Amino acid sequence: MNAVIENAMPRRDLLRPLRYLLRVPLLLLHVLIAPPMVLLVFSPLGARLRVGDERLDHWATRWWSGALIRRFGFRIRRIGEPLPGATLFVANHVSWMDIELMHSQRMMSFVAKSEIARWPLVGWLATRAGTIYHRRGSTQSLGAVMQCVVTKLAAGDSAGVFPEGGTGPGDQVRTFHARIFQVAADAHVPIQPVALRYGRHGKMDLSVPFAARESFFANVVRLLGGPSGEAEVHFLEPLVVGEEGRRQIAEAARARIARALGQE
């Protein structure tokens, strides 16, 4: 494996108190505007009004999500273009910020673990943005989730999934579960792999993912005081489920993401 990663050994950070001083007020302000914004745009009115060629609720979701990432000191860098129309986006899973990072570029309904629904603010917003929750380990839940995704895709909406099944340490792209790829075949839509990376100088910062037994709140506090960096989102060459089958497509999607991240 030729992964290019950044040394995650802890070092004394004398600038952390200053970062908290600058970022905490901005984050609190950003959080305070979320409830009224949601009540305004996630409504029949928000779906009808437009900002340029985009629905108001979709534009507001992208704006709020991108601004949230920047509150943590990350500059968003996009490589490639997201497909228009109904698409299944599949990405590696590094952090709770992944949904916000992808939402900053393209509106889509996400499939996420049910625990996210209980996360402060993020869960509340995710629910109102159309997140589909899956109880990990439940075959019955997965079947219902897949049918819901197919329905959304067939209606012309897009969906995002993390085929690894959960966040990882960030040093490699883990095995993709193939079953979720079936929804693209059932809805007759393309699949676009998406590579996500947080760090500096094209290197994955291994301090961004959850540490062992670290809570959501602890991770948020730690990242809020961390060094600035880049949040990269790579939209890669799309795939179509055909004769190859979903296992081969899952492996091809994983390989493209690993290649983009230098983790082959």
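The values are calculated or read from the model by the stated rules, or taken from the named source; none is laboratory data. From a predicted model like this one, the values you see are computed outputs, not experimental measurements. Using ideal geometry, Cβ is built from the backbone for each residue, glycine included, and neighbour counts are taken over all protein chains shown.
Every test in (1) over 30 Å from Gly143 (Cα atoms); (2) at pLDDT below 90 is passed by Pro44 save one, and that test is (1). Take the residues of the stretch 2-28 that are modelled with pLDDT of 55 or more and touching a Ser or Thr at 6+ places or on another chain (Cβ under 9 Å): which is farthest from Glu230 (Cα to Cα)? Only one residue tops the list, namely Pro10.
Would you point out the residue of the stretch 80-125, among those that are in contact with a Gly (Cβ under 6 Å, 6 or more places away or on another chain) and of a type in the set (Gly, Ala, Ser), that is nearest to Val189 (Cα to Cα)? Break it down stepwise before answering.
Of the residues in the stretch 80-125, the ones in contact with a Gly (Cβ under 6 Å, 6 or more places away or on another chain) are 86, 89, 94, 102, 104, 108-110, 116-117.
Now narrow it down to the ones that are of a type in the set (Gly, Ala, Ser): 86, 104, 109, 117.
Numbers: Ala86: 6, Ser104: 22, Ser109: 15, Ala117: 27 Å.
The residue in question is Ala86.
Got at least one residue in the stretch 234-248 being farther than 26 Å from Ala86 by Cβ, modelled with pLDDT under 95 and not β-branched (Val, Ile, Thr)? No: the stretch 234-248 contains no residue that is farther than 26 Å from Ala86 by Cβ, modelled with pLDDT under 95 and not β-branched (Val, Ile, Thr).
Residues that are surrounded by fewer than 18 Cβ atoms within 10 Å (Cβ to Cβ), touching a Leu at 6+ places or on another chain (Cβ under 7 Å) and modelled with pLDDT of 90 or more are absent from the stretch 59-67. Here Leu49 clears all of (1) touching a strand residue (DSSP E or B) at 6+ places or on another chain (Cβ under 8 Å); (2) touching a residue at least 12 places away in the same chain (Cβ under 8 Å) except the condition numbered (2).
Going by what's in this entry, would Asp98 be described as of a type in the set (D, E, K, R), surrounded by 16 or more Cβ atoms within 10 Å (Cβ to Cβ) and under 23 Å from Leu261 (Cβ atoms)? Spell out the reasoning first.
On the way: of a type in the set (D, E, K, R): yes; surrounded by 16 or more Cβ atoms within 10 Å (Cβ to Cβ): yes; under 23 Å from Leu261 (Cβ atoms): yes.
For Asp98, the condition - of a type in the set (D, E, K, R), surrounded by 16 or more Cβ atoms within 10 Å (Cβ to Cβ) and under 23 Å from Leu261 (Cβ atoms) - is met.
Conditions (1) more than 21 Å from Leu101 (Cα to Cα); (2) of a type outside the set (A, V, I, L, M), marked per residue:
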site	(1), (2)
Leu21	yes, no
Val31	no, no
Ala34	no, no
Val38	no, no
Pro44	yes, yes
Arg55	no, yes
Ala60	no, no
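Just to be sure, is Ala155 out of contact with any Gly (no Cβ under 9 Å at 6 or more places or on another chain) and surrounded by fewer than 14 Cβ atoms within 10 Å (Cβ to Cβ)? The answer is yes for Ala155. Pairs linking a residue in the stretch 89-101 that is over 17 Å from Leu236 (Cα atoms) to a residue that is assigned to a loop (DSSP other than H, G, I, E, B) and not aromatic (Phe, Trp, Tyr), with Cβ atoms under 6 Å and 6 or more positions apart or on different chains, are Val94/Gly170; Val94/Pro209; Ser95/Val208; Ser95/Pro209.
Of all residues in the stretch 237-264, count the ones that are surrounded by 19 or more Cβ atoms within 10 Å (Cβ to Cβ) and either part of a loop (DSSP other than H, G, I, E, B) or among the basic types (Lys, Arg) (or both). Residues flagged as surrounded by 19 or more Cβ atoms within 10 Å (Cβ to Cβ) and either part of a loop (DSSP other than H, G, I, E, B) or among the basic types (Lys, Arg) (or both) within the stretch 237-264 amount to 6.
Condition check: among the aromatic types (Phe, Trp, Tyr), farther than 27 Å from Phe181 by Cβ and in contact with a Lys or Arg (Cβ under 6 Å, 6 or more places away or on another chain). Does Phe42 satisfy that? Yes. Right, Arg136: modelled with pLDDT of 95 or more, at negative phi and charged (D, E, K, R) or not? For Arg136, the condition - modelled with pLDDT of 95 or more, at negative phi and charged (D, E, K, R) - is not met.
Residues of the stretch 73-95 include at least one that is under 10 Å from the mean Cα position of the chain (by Cα) and either of a type in the set (Asp, Glu) or surrounded by fewer than 22 Cβ atoms within 10 Å (Cβ to Cβ) (or both). For Ala185, the conditions (1) under 27 Å from Glu251 (Cα atoms); (2) modelled with pLDDT of 95 or more; (3) assigned to a helix (DSSP H, G or I); (4) among the small types (Gly, Ala, Ser) are fulfilled apart from (2). Number of residues in the stretch 209-233 that are assigned to a loop (DSSP other than H, G, I, E, B) and either among the β-branched types (Val, Ile, Thr) or over 24 Å from Phe89 (Cβ atoms) (or both): the value is 9.
Would it be correct to say that Ala67 is among the aliphatic types (A, V, I, L, M) and under 27 Å from Val240 (Cα atoms)? Talk me through it step by step, then tell me what you get.
On the way: among the aliphatic types (A, V, I, L, M): yes; under 27 Å from Val240 (Cα atoms): no.
Spelling it out, it is not the case that Ala67 is among the aliphatic types (A, V, I, L, M) and under 27 Å from Val240 (Cα atoms).
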